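Participant: Supplied in structure tokens, the structure appears directly below.
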Amino acid sequence: MDQKTSGWISGFIGVLIFAGSLPATRAAVMDFEPVFLTCARASIAGLLALALLLALRQRRPAPADVVPLAVVALGVVLGFPLLTALALRHVSSAHSIVFLGLLPVCTALFGVLRGGERPHAAFWLFSVLGSACVVGYAAKDGIDASPVGDLLMLAAILVCGLGYAEGARLSRRLGGWQVISWALVLTLPIMLPAAVFTMPASFAAVGTPAWIGLAYVSLFSMLIGFMFWYRGLALGGIAAVGQLQLLQPFFALALAASLLHEAVSGAMLLATLGAVLCVAGARRFAV
């Protein structure tokens with residue numbers, strides 16, 4: 001198996017794992033405050049990452065890697081989880097999932113700025129068309145429903161794209177699972193005390209779905225998914241493999257409908273389908 005094929009497979013596995021993130025977050029914020037959820041998931045994943053790094057005796061990152069790791073941490077450990085948790089207090093997970101269609105073009109843009117990639121001009125055309133499907137849906141149904149929720153989701157997508165591109169760039173040198181592990185460890189001195197400080201006085205009212213949601217976002221969304229995702233981006237290219245994110249809404253919408261019994265409208269499906277069709281064209285011109 002060649003490097004690029006291996007990258008696409010790893011990226012696809014990462015997308016499958018990430019598809020459960022927003023439905024799981026939605027379930028968790030029903031009983032947990034967004035700030036506690038963000039700190040708790042990062043702390044749990046950070047402790048697991050620290051144990052993994054120590055067990056496998058990984059060498060520490062070079063001083064020059066600290067700032068890029070901090071960018072990764074701010075984007076995917078703090079920024080995206082907190083902003084999406086806050087957004088899901090205003091919108092359903094099915095609504096927020098459609099915004100994921102903006103992630104590929106955002107990731108590709110930061111791939112150019114930070115990773116030095118130069119996709120063909122036609123790539124940007126297809127990427128923008130795919131994103132337009134998402135923006136068109138948000139303008140039709142989302143903005144009237146909750147401007148605050150939509151703005152929070154847009155901010156989450158922006159910081160996430162930066163974290164993805166920066167992490168992929170580092171993964172070429174440090175390794176995929178090492179990057180997310182060190183980023184988690186870097187935030188642990190802040191996130192762990194914050195989780196204790198924001199912990200609810202009692203967990204008696206916390207239901208099983210919220211506990212399952214917390215477990216999923218801590219183990220899979222925050223750690224395991226990134227092990228595959230960063231490896232895929234590093235091997236297959238940030239812009240190219242990043243287009244796989246347009247498949248994520250399909251899987252996530254199915255989970256939102258089946259597990260949370262949320263309504264999935266025809267407009268949501270059409271917007272997602274249009275975005276996914278555009279990825280076929282973007283993939284051809286990604287390199």
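Participant: Looking only at residues in the range 59-75 that are out of contact with any helix residue (DSSP H, G or I) (no Cβ under 6 Å at 6 or more places or on another chain) and not small (G, A, S), which one is nearest to T187 (Cα to Cα)?
Facilitator: Among those residues, the one meeting the criterion is L74.
Participant: Would you kindly identify the helices (runs of 4 or more DSSP H) lying entirely within the range 129-231 that contain at least 1 residues that are under 13 Å from the mean Cα position of the chain (by Cα)?
Facilitator: Because the criterion is at least 1 residues that are under 13 Å from the mean Cα position of the chain (by Cα), the helices (runs of 4 or more DSSP H) in the range 129-231 that meet it are 147-174, 176-197.
Participant: I've got another one for you. Give me a count of the residues in the range 215-236 that are within 18 Å of A195 (Cβ to Cβ), hydrophobic (A, V, I, L, M, F, W, C) and buried (at least 24 other Cβ atoms within 10 Å of the Cβ).
Facilitator: 2
Yes/no matrix, rows are residues, columns are (1) part of a helix (DSSP H, G or I); (2) over 18 Å from A252 (Cβ atoms); (3) under 16 Å from the mean Cα position of the chain (by Cα):
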{"residue": "V15", "(1), (2), (3)": "yes, no, yes"}
{"residue": "L22", "(1), (2), (3)": "yes, no, yes"}
{"residue": "G46", "(1), (2), (3)": "yes, yes, no"}
{"residue": "R57", "(1), (2), (3)": "no, yes, no"}
{"residue": "D65", "(1), (2), (3)": "yes, yes, no"}
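Participant: Follow-up question, since we're still on this one. With respect to C106, determine if the residue is at pLDDT 80 or above, in contact with a Phe, Trp or Tyr (Cβ under 6 Å, 6 or more places away or on another chain) and in a helix (DSSP H, G or I).
Facilitator: No; evaluated as a whole, the condition is false for this residue.
Participant: Here's something else I'd like to know. Would the range 32-41 turn up any residue that is outside any helix (DSSP H, G or I) and modelled with pLDDT of 90 or more?
Facilitator: The answer is yes, given that some residue of the range 32-41 is outside any helix (DSSP H, G or I) and modelled with pLDDT of 90 or more.
Participant: Next question. Here are R89, R60: which of them is within 17 Å of A24 (Cβ to Cβ), at pLDDT 80 or above and either among the charged types (D, E, K, R) or surrounded by fewer than 17 Cβ atoms within 10 Å (Cβ to Cβ) (or both)?
Facilitator: R89
Participant: Scan the range 232-251 for residues that are over 12 Å from the mean Cα position of the chain (by Cα), part of a helix (DSSP H, G or I) and among the small types (G, A, S) and jot them down.
Facilitator: G232, A234, G236, A239, A240
Participant: For the range 154-173, give me each residue that is modelled with pLDDT under 90 and over 17 Å from G14 (Cβ atoms).
Facilitator: Within the range 154-173, L154, R173 qualify.
The values are calculated or read from the model by the stated rules, or taken from the named source; none is laboratory data. This one's a predicted model, so the numbers in the text were calculated from it and none came from an experiment. All Cβ positions, even for glycine, are placed from backbone atoms using ideal geometry, and neighbour counts span all protein chains on display.
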